[in-house]
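S.K.: One structure, as structure tokens, below. Some questions next.
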2 protein chains.
Amino acid sequence: MTQPRWLDEREARAWRQFLLMQGQVRSRTGSRLQRATGLSEADYEVLVNLSESPDGRLRPSELGGATRWEKSRISHHVKRMEERGLVKRLACKTDRRGSWVAISAARRRAIERAAPVHVEHVREMFIDALTPAQLDALAEISEAILARLADGPEGCDE
Amino acid sequence: MTQPRWLDEREARAWRQFLLMQGQVRSRTGSRLQRATGLSEADYEVLVNLSESPDGRLRPSELGGATRWEKSRISHHVKRMEERGLVKRLACKTDRRGSWVAISAARRRAIERAAPVHVEHVREMFIDALTPAQLDALAEISEAILARLADGPEGCDE
């Protein structure tokens, strides 16, 4: 590295405020979700994706596509959820693409009951703080960064 | 709760893309930081704050103000960092406000060496993906959400 390209004032403000904000949003929505459902955000994300699939089940690769988690994280987290009785793994006999991850009907109803509570928290803490223009700007900013991360030289290293 | 106020398309897009983006930014900058320095993001944040203080030390309450972590998290994390030799706790004899958390001179130099590498990662993955107007918009969005979280009924519950 030659000369460090330090952040200027505008850049430092954006990065710093983003870091503070996302840390607080995560810890606040996470602790409310935990209190309301006993689930972590990661558990909840997996279960919502399963409950939104027509048969209440997805292949690990489909879960990976929906969550954008790396393969090893999916596999590790699903294993722990299975041990806690939150999901089941089903072997897939009709083709060779391996197993399904499935949610039970009872768990699906529990997630459907939790959803309005969770969405209310998200609204109070996040959505309702922003104008429609800011919501659009945030979506575009997020997409620009996601595109950058997908393209970057580090795209395959995780 | 009466009728759930589901997110509309614009709101759902902003929330979903924000969640995906922050998850990826965190895991990517976190893994690069770990590789470059052996430190977690939380370790790094504490050490940067200490290294930026004139005497290389801060009171736990000052660290809490800088990181916006809750008191119990500061106390827990600093204890673990002390056990790993990353910081020291100094008793404060001249007043009754308790201890300081301090960084050693050697560790301070290590953090100063790591900073240009870290800032380059932040720039590549985040800052350089955004226009100046987007940087300003993101700072304002973050500040609006932080203000909402500070004001909200949940402001004291963590």
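S.K.: Return yes when B:ARG97 is open to solvent by 60 Å² or more (accessible area, probe 1.4 Å), modelled with pLDDT of 90 or more and of a type in the set (D, E, K, R) and no when it is not.
M.R.: So B:ARG97 fails the test.
S.K.: Which one of A:ALA106, A:ALA110, A:ALA91, A:ALA102 is away from chain B (no Cβ under 13 Å), farther than 23 Å from B:LEU19 by Cα, surrounded by 13 or more Cβ atoms within 10 Å (Cβ to Cβ) and among the hydrophobic types (A, V, I, L, M, F, W, C)?
M.R.: A:ALA102
S.K.: Give the stretch B:54-68 a look and list any residue that's of a type outside the set (A, V, I, L, M), over 17 Å from A:ARG16 (Cα atoms) and open to solvent by less than 80 Å² (accessible area, probe 1.4 Å), or say none.
M.R.: B:GLY56, B:ARG59, B:PRO60 - these are the residues of the stretch B:54-68 that are of a type outside the set (A, V, I, L, M), over 17 Å from A:ARG16 (Cα atoms) and open to solvent by less than 80 Å² (accessible area, probe 1.4 Å).
S.K.: Give the residues of the stretch B:25-52 that are without any contact (Cβ under 8 Å) to a residue 12 or more places away in the chain, in a helix (DSSP H, G or I) and more than 9 Å from chain A (Cβ to nearest Cβ), sorted by residue number.
M.R.: Selection gives B:GLY30, B:GLN34, B:ARG35, B:GLU52.
S.K.: Go through B:ALA129, B:ALA102 for me and flag whichever is touching a helix residue (DSSP H, G or I) at 6+ places or on another chain (Cβ under 6 Å) and modelled with pLDDT of 90 or more.
M.R.: Only one candidate qualifies: B:ALA129.
S.K.: On to the next question. Since B:GLU158 meets every condition but one in (1) part of a helix (DSSP H, G or I); (2) of a type in the set (Asp, Glu); (3) surrounded by fewer than 18 Cβ atoms within 10 Å (Cβ to Cβ); (4) modelled with pLDDT under 95, which condition does it not meet?
M.R.: It fails just one condition, (1).
S.K.: State the number of residues belonging to the stretch B:1-12 that are open to solvent by 80 Å² or more (accessible area, probe 1.4 Å) and at the interface with chain A (Cβ under 7 Å from one of its Cβ atoms).
M.R.: So the answer is 4.
S.K.: Something else: With the requirement that a residue be within 7 Å of chain B (Cβ to nearest Cβ) and open to solvent by 60 Å² or more (accessible area, probe 1.4 Å), what does the stretch A:13-24 give you?
M.R.: Result: A:ARG13, single match.
S.K.: For A:GLU45, state whether it is modelled with pLDDT of 90 or more, loosely packed, with under 15 Cβ neighbours inside 10 Å and acidic (Asp, Glu).
M.R.: The answer is no for A:GLU45.
S.K.: Given the residues A:SER99, A:SER104, A:SER72, which is the only one that is touching a Cys at 6+ places or on another chain (Cβ under 7 Å) and more than 30 Å from B:ILE141 (Cα to Cα)?
M.R.: A:SER99
S.K.: A:ALA115: open to solvent by 60 Å² or more (accessible area, probe 1.4 Å), out of contact with any helix residue (DSSP H, G or I) (no Cβ under 7 Å at 6 or more places or on another chain) and of a type in the set (A, V, I, L, M), yes or no?
M.R.: The answer is no for A:ALA115.
S.K.: Which one is least open to solvent (accessible area, probe 1.4 Å) among residues in the stretch B:121-151 that are of a type in the set (A, V, I, L, M, F, W, C) and more than 7 Å from chain A (Cβ to nearest Cβ)?
M.R.: B:ALA147
S.K.: Moving on. Looking only at the stretch A:69-84, which residues are surrounded by 18 or more Cβ atoms within 10 Å (Cβ to Cβ) and not in a helix (DSSP H, G or I)?
M.R.: Of everything in the stretch A:69-84, just one residue is surrounded by 18 or more Cβ atoms within 10 Å (Cβ to Cβ) and not in a helix (DSSP H, G or I), namely A:TRP69.
The values are calculated or read from the model by the stated rules, or taken from the named source; none is laboratory data. Everything numeric in this text was worked out from a predicted model, so none of it was measured. Ideal geometry is used to build each Cβ from the backbone, glycine not excepted, and the neighbour counts take in all protein chains shown. Side chains are part of the model used for accessible areas, which takes the heavy atoms of the whole protein and leaves out ligands, DNA and RNA. Shrake-Rupley method; radii C 1.70, N 1.55, O 1.52, S 1.80 Å.
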